[in-house]
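Asks: Once you've had a glance at the structure underneath, I'll fire off some questions.
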Amino acid sequence: MTKFNKSKKSLYNVIGALIIIGTLFTAYHITDLKRENHQEISTQNLVEAKPILKYGFDHEAYSIEDHVLFPNQFLSDILLDYDIPLSKIFELENKAKDVFSVRNIRAGKKYAIVRSDECAAAEYFVYEPDPFRFVVYDLRDSVDVRIVDREVSTTVETTAGIVESSLWLSMKEQGLSPVLIEKMEDALAWSIDFYHIQDGDRYKLMFERKYIEGEPVGIGQLLGAYYMNSDNEYYAVYYENDEYSGFYDLEGRPTKKGFLKSPVKASRISSSFNMNRLHTILKRRKHHLGTDYAAPYGTPILAVGNGVVTKASYTKGNGRYVKIKHDKKYSTQYLHMQRFAAGIKPGVHVKQGQVIGHVGSTGLATGPHVCFRFWKNGRQVNHLRENFPPPEPMPEEQLPDFFQKRDHIIQKLDQVHFKDGSALSENHPEATVIKIKS
């Protein structure tokens with residue numbers, strides 16, 4: 001009996017020890033879990049507590065006042081109001097000369113006053129010359145100036161449209177930048193006469209758009225363009241390598257031919273080539289051996305091809321005019337200029353697309369326009385009826401790489417569809433947006 005009680009007592013001791021060990025293990029495990037949870041919560045709090053920065057300054061630590069520069073407002077006037085002495089302003093002006101001179105600060109631009117205490121003097125003056133960068137003027141003990149480039153991200157986007165009244169109106173209704181419209185005209189200007197487009201013409205574009213902090217700030221490279229006019233389809237594909245860069249057709253030929261279709265962008269034909277036109281000033285029938293492009297005063301006039309200026313002069317009828325010899329066969333003339341571009345004089349070589357003057361109404365002209373005249377073998381002809389030979393394609397060894405890039409761009413353009421008679425904009429949910437690296 002005594003032996004049995006001893007065994008029973010020993011069993012109770014073992015069970016008690018196991019209970020104690022289990023309790024200690026559970027307590028340790030719970031403590032460990034609490035420690036892990038606390039670490040997770042602490043880490044989460046650290047993530048959530050990430051500071052909100054503007055111009056690199058923490059909103060919690062600094063007071064940042066945003067303003068816009070008014071006309072005739074000077075930096076010295078601004079800084080004096082924020083307790084910066086003239087001696088330091090002069091020091092800042094001198095220090096900024098080699099970085100970003102304060103003389104380059106312009107009205108209408110954004111600026112900010114940054115200080116750690118709202119009641120204290122300004123510590124930093126921040127100026128935004130453009131959306132892509134800002135300038136920090138350090139006004140503390142050691143005056144300093146630095147330019148900070150903002151991080152820019154780029155997306156490749158597509159859009160499409162149908163012309164109803166004009167190409168510009170169609171694209172503007174989609175909120176497309178005038179820069180993109182000009183890039184499209186540049187890419188296809190040698191194939192399409194944009195002054196004779198028709199309702200129902202269709203276009204598609206693939207292009208880069210730049211963003212800063214999620215806001216669009218500009219258009220990058222136009223990568224591909226498609227235009228359908230009177231059942232004729234035209235393509236322009238941007239291709240670049242170590243030797244070539246520019247727009248090419250589907251066969252690898254440069255889209256830039258010998259001459260531009262027009263010497264003025266964003267204009268309209270006010271009077272065509274006509275062998276029996278009634279002159280608006282002389283009031284008699286007279287050959288009109290040119291094409292008139294109406295445009296606002298001061299609009300740039302472009303050389304339609306490479307060549308040498310043979311005349312930059314003035315006559316009673318022509319007003320200020322420039323004549324360019326392109327080769328033994330072709331010459332062009334540009335009449336009624338308001339003024340010549342800088343450096344334009346006889347003997348000067350000009351390139352295709354170079355500005356040679358500005359639209360005016362000098363000479364026998366009733367309003368601002370350029371009368372464009374085209375010579376072929378010494379005889380004036382209607383340039384819109386001329387068929388210029390296509391340029392030579394790129395070398396065959398380059399074509400495989402070009403065709404690969406071409407097929408990728410064409411595939412993306414084909415994915416953009418017209419819907420219910422209207423175009424898909426780049427922000428449309430069915431439009432293509434491809435993210436690429438900054």
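Asks: If I model a spin label at residue 243 and residue 297 as a point 7 Å from the Cα along the Cα→Cβ vector, what separation in nanometres do I get?
Replies: 5.0
Asks: Under 20 Å from a point 7 Å along the Cα-to-Cβ line of residue 87: which residues of segment 133-166 have their amide N that close?
Replies: Answer for this model: 138-145.
Asks: Taking the mean number of other Cβ atoms within 10 Å as a proxy for protection, how do you rank 208-214, 126-132 from highest to lowest?
Replies: The densest-packed peptide leads the list: 126-132, 208-214.
Asks: Another question, if that's okay. With charges set only on the Cβ (+1 for Lys and Arg, -1 for Asp and Glu), what does the dipole of segment 129-223 come to about its Cα centre, in debye to the nearest 20? It would help to have the intermediate numbers written out before the result.
Replies: Numbers: 10 positive and 18 negative charges, 26 e Å.
Using only the charged Cβ atoms, the result is roughly 120 debye.
Asks: Leaving ligands, DNA and RNA out of it, work out the accessible area of residue 106 with a 1.4 Å probe and give it in Å² to the nearest 10.
Replies: My reading of the accessible area for residue 106 is about 120 Å².
Asks: Additional query: Go through 88-94, 247-253, 186-192 and give me the packing order, highest mean Cβ count within 10 Å leading.
Replies: 186-192, 247-253, 88-94
Asks: Accessible area of residue 327, 1.4 Å probe, to the nearest 10 Å²?
Replies: Its heavy atoms expose roughly 70 Å² to the probe.
Asks: So what does residue 76 come to for accessible area, using a 1.4 Å probe and Å² rounded to 10?
Replies: 40
Asks: Also, quick follow-up: What does the charge add up to near residue 219, with Lys and Arg as +1, Asp and Glu as -1, over the other residues with Cβ less than 9 Å from its Cβ?
Replies: On the way: positive: 183, 209, 210; negative: 208.
My count for the surroundings of residue 219 gives +2.
The values are calculated or read from the model by the stated rules, or taken from the named source; none is laboratory data. A quick note: this is a predicted structure, and the numbers were derived from the prediction, not measured. Methodologically, a virtual Cβ is constructed for each residue, glycine included, from the backbone with ideal geometry; neighbour enumeration extends over all protein chains shown. Side chains included, ligands, DNA and RNA excluded: accessible areas come from the protein's heavy atoms. Shrake-Rupley method; radii C 1.70, N 1.55, O 1.52, S 1.80 Å.
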